Amino acid sequence: MDLETMLNEKQQQAVETTEGPVLVLAGAGSGKTRTLTYRVAYLIEQGVSPYNILTLTFTNKAAEDMKGKVEKLIGDLPSDLWLGTFHGICVRILSRHLEELGYNSNFVIYDRTESETLVEDIILSFNLDKEKYEVKKVYGIINKAKRKLWSKAELIEHYQDGEQEGDFYQNIADVYAKYNEVLKDNNAFDFNDLLGKTIELFEEKPEILADYQDRFEYILIDEYQDTSPAQYRLARLLAEKHNNIFVVGDDYQSIVRQ
Amino acid sequence: MENILNFNQDFKDATVIKLEQNYRCKGNIIQASNAVIANNYSQFEKEAWTERNSGKPVTICEAEDEYSEAQYIVREIDNLVKFGQHSYNDVAILYRSNHQSRVLEDEFIRNQIPYYIVGGLGFYDRKEIKDIISYLKVAINPQDTIALKRIVSTPKRGLGPKTIEKMITHAQEHVPDFNLLTFGEDDQSLGLFDVMEDATEVDGIGKKTARKIKRFHDEIEEFTAIANSDLSIPQQVNRILKKSGYWAMLELEDSDTARNRMENLDEFLSLSKNYYEKDKSRGLEDFLRDLRLLSDQDDMDENNQVKMMTVHAAKGLEFPAVFVAGVEEEIFPHYRNMISGDIEDIEEERRLFYVAMTRASERLFLTYSKQRKKFGEIKEMMGSRFLDEIPIECAIEKIHDGIRYK
């Protein structure tokens, strides 16, 4: 692989700085994907086992694109190279530790519509006023709480000065708790769970976390400017041991406020 | 955003490398977008440059109203395709909010320009796709009440939400182990599916309906048998599609909508085939799970169509020609972020606008209307502040006086 002719000076530096944390501020159209793929290929060429490399992207399209390019560079795509979306990688991790989490192997993933239907059923079973506890609104709050990895108590605390009076938020917190309970009983994850449960697994089972920390000597993250607090937490946990975390992003293009 | 700004603090002794050479955009687009983003404070200093020539100037066009704006866009697309050696596939229309697509779509349809909305009602959000997925879920786990409720009345079986409601009420009162919410495999309680076996005792449900319920119950058992069989995933999908009467329902309907749904189901079938052939050890459960992990951009096809999408959905994409429509105060920047009084909110809008601009490699068009209909009333609009931030030397301004419809 001839880096000198294929990459510009800065891209080359980004590819070759393999050790320690690296932040690549990549402007629009500056060859971000190119740099990422060359880095993966370079690491492998330097003798790093594909098994020890983890690459995280935001869309499947980006992941597939990158896989194709890596394959072109090194001939074969090693099956033990983990390159995928945050969600996809989390599913991969979760499906190996379902038992520890109290799930069985035939788990399902709920999409938004299904999550909302479940919230609706819970509101019904709690005999709450359908008008007051509008499904979309309740789901919105629950979704936010899950995204932020709040506990039931944290949800109540967060909304204690909210615009609704009485036991409104207390009731929503109850729906929230029930929602999570039912998901688990039904062997189901919603989208937020994919990240949330992975983090939970790592925080509650340090020995499992240690395995993955050992494994992923080199971590690469695309679109770092848009990582959520949960994604950030996950990245930090995984990178803690080897500290070889390479992130690419453009603060100019950050468009998801948390 | 904070994550990237704090990377240096979060990870000690980080190496920071800036990639500033832009290989995508022509010089004028870079100059214009650099100038816009330079108005933001909370960011790293960075300046994009390129070895590409400056290209055509960025076109800023003022239109009378939203119809005339759409007309202008259509006309320019025509020009690009006829004289500019571009194809429809090279063109993207970006807007700040989803609802802005409607007027554009009308004009596209009127002029027979093929288009595709990315992240709108995507493939996986379509009714028939959601329906077949629910059928498959029920086949795998008949206790899945959420999926069960979705399929009960498509196709029509003489059973509706009312019947289901009656059964649930009855079961809640009379069946001690009934639990509507949980239906995990290890769950010992009875679910809706179990109650359906015998509905003769349910208040308000006659013998005839009870028989229909029982028939549906047995139908589901057949689905389960298919899901547990050795058939390949596409065969399983196909069988369930036929056995359920879903396919026959569409055939019988014989309308454009129905034909369109059948095409989509066909697409779903080939999708399942591809999935199966990639790795034959995977089952129906894996297929459904992996479907859920796809995102908006993932179903963007490569057909020769103009792509329409919000700026958010355009992240990471690149097109030879980009139109940003509705570049007006209160639209872009969005009203909500204008009135908040928080400078961070305007900076967010500016970053969004920067993303929109830098999706373009060759041609960039920014359009706005002087007036537009909002909540049924005609409202005077003003060009966005972001337009004023673009240096004159890299842009040309145009006025489009289209004829108004109606």
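Of note:
- Sites A:Phe126 and B:Gln85 - FRET efficiency at Förster radius 45 Å, r taken between beta-carbons, to 0.05: 0.10
- Total accessible surface hidden between B and A, rounded to 100 Å², 1.4 Å probe: 6000 Å²
- A cut-off of 5 Å between modelled amide H atoms, ignoring neighbours fewer than 5 places along the same chain, links B:Thr310 with B:Tyr95.
- For residues of A:15-23, the mean tally of beta carbons on other chains within 10 Å: 4
- Note on chain B: GNM, Cα springs under 10 Å; of B:Asp218, B:Asp254, B:Asp345, the largest mean-square fluctuation is that of B:Asp254.
- Restricting the calculation to Cα atoms, every distinct pair contributes to the Kirkwood radius of the stretch B:231-361, found to be 18.7 Å.
- Amide hydrogen proximity for B:Val324: with H placed 1.01 Å from N in the peptide plane, the residues at 5 or more positions away or on another chain lying under 5 Å are B:Leu94, B:Phe365, B:Leu366, B:Thr367.
- Relative contact order of chain B, pairs being alpha-carbon contacts under 8 Å that are 6 or more residues apart, as %: 32 percent
- Per residue value of the accessible surface for chain A (all protein chains in place, 1.4 Å probe), Å²: 41 Å²
- Listed by chain and number, the lysines whose alpha-carbon sits under 19 Å from that of A:Lys146, ignoring those within fewer than 8 places in the same chain, are A:Lys136, A:Lys137, A:Lys178, A:Lys184, A:Lys197.
- Mean partner shielding of peptide A:4-14, defined as the number of other chain Cβ atoms within 10 Å of each residue Cβ, is 2.
- Antiparallel DSSP beta bridges within chain B, percent to nearest 5: 15 percent
- Its residue count N sets the reference 2.2 N^0.38 Å, and the alpha-carbon radius of gyration of the stretch A:35-128 equals 1.53 times that reference.
- Given their separation in residues at 0.36 nm each and the Cα-Cα distance between them, B:Asn6 and B:Glu51 gain 13.0 nm when the chain is fully extended.
- Here r is the Cβ-Cβ distance between B:Ser255 and A:Asp2 and R0 is 45 Å; the resulting FRET efficiency, rounded to 0.05, is 0.15.
- A:Asp80 paired with B:Glu263, simple spin-label distance in nm, labels 7 Å along Cα-to-beta-carbon: 4.7 nm
- Under 5 Å, built H, 5+ apart or other chain: amide partners of A:Trp82: A:Ile53, A:Thr55
- Taking the centroid of alpha carbons for each part, the stretch B:187-238 and the stretch B:353-406 are 56 Å apart.
- Contact order relative to length of the stretch A:156-245, as percent, for alpha carbon pairs under 8 angstrom and 6 or more apart: 25 percent
- Volume per residue of the C-alpha convex hull in the stretch B:127-293, rounded to whole Å³: 114 Å³
- Helix content alone sets the calculated 222 nm mean residue ellipticity of the protein assembly as shown: runs of n ≥ 4 DSSP H residues at -39500 (n - 2.57) each, divided across all residues, give -14500 deg cm²/dmol.
- Residues of the stretch B:12-26 whose accessible area, computed with a 1.4 Å probe over protein heavy atoms, drops by at least 40 Å² once all protein chains are present relative to their chain alone are B:Thr15, B:Ile17, B:Leu19, B:Tyr23.
- Estimated distance in nm for a label pair at A:Glu203 and B:Glu201, the labels positioned 7 Å out from Cα along Cα-to-Cβ: 4.6 nm
- Counted over the stretch A:108-186 with a bin width of 10 Å, the fraction of Cα pairs per bin, in whole percents, is 19, 57, 23, 1.
- Estimated distance in nm for a label pair at B:Gln371 and B:Ser153, the labels positioned 7 Å out from Cα along Cα-to-Cβ: 4.5 nm
- Length gained on full extension, A:Gln160 to A:Glu64, computed as 0.36 nm times the residue gap minus the Cα-Cα distance: 30.1 nm.
- Phi-derived couplings, Karplus 6.51 cos²θ - 1.76 cosθ + 1.60 at θ = phi - 60°, listed residue by residue for the stretch B:224-237: 4, 4, 5, 5, 8, 7, 7, 4, 6, 4, x, 5, 4, 4 Hz, with x used for Gly and Pro.
- Charge dipole (chain B, unit charges on Cβ, about Cα centre) - positive-most of B:Thr154, B:Ala35, B:Tyr88: B:Thr154
- Signed unit charges on C-beta, dipole axis of the stretch B:351-406, positive-most listed residue B:Phe386, B:Ala356, B:Gln371: B:Gln371
- Straight-line reach from B:Lys208: taking Cα to Cα under 16 Å and skipping same-chain neighbours fewer than 8 places apart, the aspartates and glutamates in range are B:Glu197, B:Asp198, B:Asp218.
- Ignoring aspartates and glutamates fewer than eight residues from A:Lys241 along the same chain, the ones with Cα atoms less than 16 angstrom from its Cα are A:Glu19, A:Glu203, A:Glu207, A:Asp211, A:Asp214, A:Glu217, B:Asp10, B:Asp13.
- Mean separation of Cα contacts under 8 Å, 6 or more apart, over the residue count of the stretch B:127-293: relative contact order %: 25 percent
- Legend: calculated FRET efficiency, B:Met338 to B:Ala248, from the Cβ-Cβ distance at R0 = 51 Å, rounded to 0.05, equals 0.45.
- The DSSP beta bridges internal to the protein assembly as shown are antiparallel in roughly 10% of cases.
- Normalised alpha carbon radius of gyration of chain A [divisor 2.2 N^0.38 Å]: 1.16
- When only alpha carbons are used to place a centre, the stretch B:1-68 and the stretch B:99-177 end up 42 Å from one another.
- Cut-off of 10 Å, at most 16 other beta carbons, DSSP loop: longest stretch of chain A lacking such GluC sites (Glu not before Pro): A:20-130
- In whole angstrom, the protein assembly as shown maps to an equivalent ellipsoid with semi-axes of 44, 32, 26, each derived as √(5λ) from the alpha carbon gyration tensor and ordered largest first.
- Considering every alpha-carbon pair of chain B, the percent of pairs per 20 Å bin, from zero through the bin containing the longest distance, is 22, 39, 32, 7, 0.
- Ligands, DNA and RNA are left out, and with a 1.4 angstrom probe the accessible area of chain B is 47 Å² per residue.
- Across A:Lys69/B:Lys46; A:Lys144/B:Lys307; B:Lys18/B:Lys315; A:Lys10/B:Lys46, pairs whose alpha-carbon gap is larger than 23 Å: A:Lys69/B:Lys46; A:Lys144/B:Lys307
- Inter-chain shielding of A:242-249 (mean C-beta neighbours from other protein chains, 10 Å cut-off): 3
The values are calculated or read from the model by the stated rules, or taken from the named source; none is laboratory data. Model, not experiment: these values are computed from the prediction. Note: ideal-geometry Cβ built from the backbone for every residue, glycine included; neighbour counts use all protein chains shown. Remember, those area values only see protein heavy atoms, side chains included, never the ligands or the DNA or RNA. Shrake-Rupley method; radii C 1.70, N 1.55, O 1.52, S 1.80 Å.
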